[in-house]
1. Could you list, in sequence order, the residues of region 146-157 that are part of a loop (DSSP other than H, G, I, E, B) and over 20 Å from ASN190 (Cα atoms)?
2. Return yes when PRO166 is closer than 15 Å to VAL117 by Cβ, part of a loop (DSSP other than H, G, I, E, B) and either of a type in the set (S, T, N, Q) or modelled with pLDDT of 90 or more (or both) and no when it is not.
3. Can you report the number of residues in region 68-77 which are more than 11 Å from VAL33 (Cα to Cα) and in a strand (DSSP E or B)?
4. Could you please find all residues in region 64-119 being among the aliphatic types (A, V, I, L, M), modelled with pLDDT of 75 or more and exposed (fewer than 11 other Cβ atoms within 10 Å of the Cβ)?
Amino acid sequence: MSINRYTPTIPASGVVETQTGNFFLLLSASGSVSLRLENGGHAEQFNGINGGLLVRRIKPWENARILGAAGIALEFLQGSDFVEKDETDVRLQIATIAGVAATRLQPFVSVNDLAPVSLVQSQNGILFAANPLRQRITVCVDPNNPDIALCRVAGPGANTIRYLQPGVEYTFAGIYGAHVFTPATVGTYNFARFEET
């Protein structure tokens, strides 16, 4: 694995040529640019980006070109990495904070021990109904559940899919709601629930 940091400025030609590789992360650009990855007769192009683009490929590209107006300052990481599957992601930077910043949740007004949810195979159910005042939820998965269940959690603090292993406790901060989906494995699936508002 070899990944290097580069900070070029786009020249008058409007093109920055880079090396071969299978990992590219555009950290920032002072203007809108395009990234073109070429491999044999195949090419991928990402237009109108100015930072946060991550591209990882199993098969290395032969050439990567960054296209844009002359004078645009760039900062990116590029090189070779161990990659199990192709990935393209946008990771935007919202803010830069200088110094030390401490954050914490507001004090909880109440902690509620909710009635457990019990489902059978191939069923879905609401673990937590939408509530924008909720600060944190905890799901305790019964160790006797016959298989792993799928949970979708949503809210400004998270918007993701999680696999719920039997016998494990999961805590999610900043969650409005959560749904659980049980697999086809026959049996009863039990989930204990706690919420903090």
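1. Listed by number, the residues that qualify are PRO156, GLY157.
2. yes
3. Here the count works out to 3.
4. ALA115
So that you can scan it fast, the table gives a plain yes or no per residue for (1) surrounded by 15 or more Cβ atoms within 10 Å (Cβ to Cβ); (2) touching a Ser or Thr at 6+ places or on another chain (Cβ under 6 Å); (3) touching a residue at least 24 places away in the same chain (Cβ under 8 Å); (4) outside the structural domain of SER118 (by TED's automatic domain parsing):
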residue	(1), (2), (3), (4)
ALA130	no, no, yes, no
PRO143	no, no, yes, no
GLY155	yes, no, no, no
LEU164	yes, no, yes, no
THR171	no, yes, yes, no
ALA178	yes, no, yes, no
THR185	no, no, yes, no
ALA192	yes, no, yes, no
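The values are calculated or read from the model by the stated rules, or taken from the named source; none is laboratory data. On a predicted model such as this, the values are computed, not experimentally measured, just so you know. We place every Cβ from the backbone using ideal geometry, glycine too, and count neighbours over all the protein chains shown.
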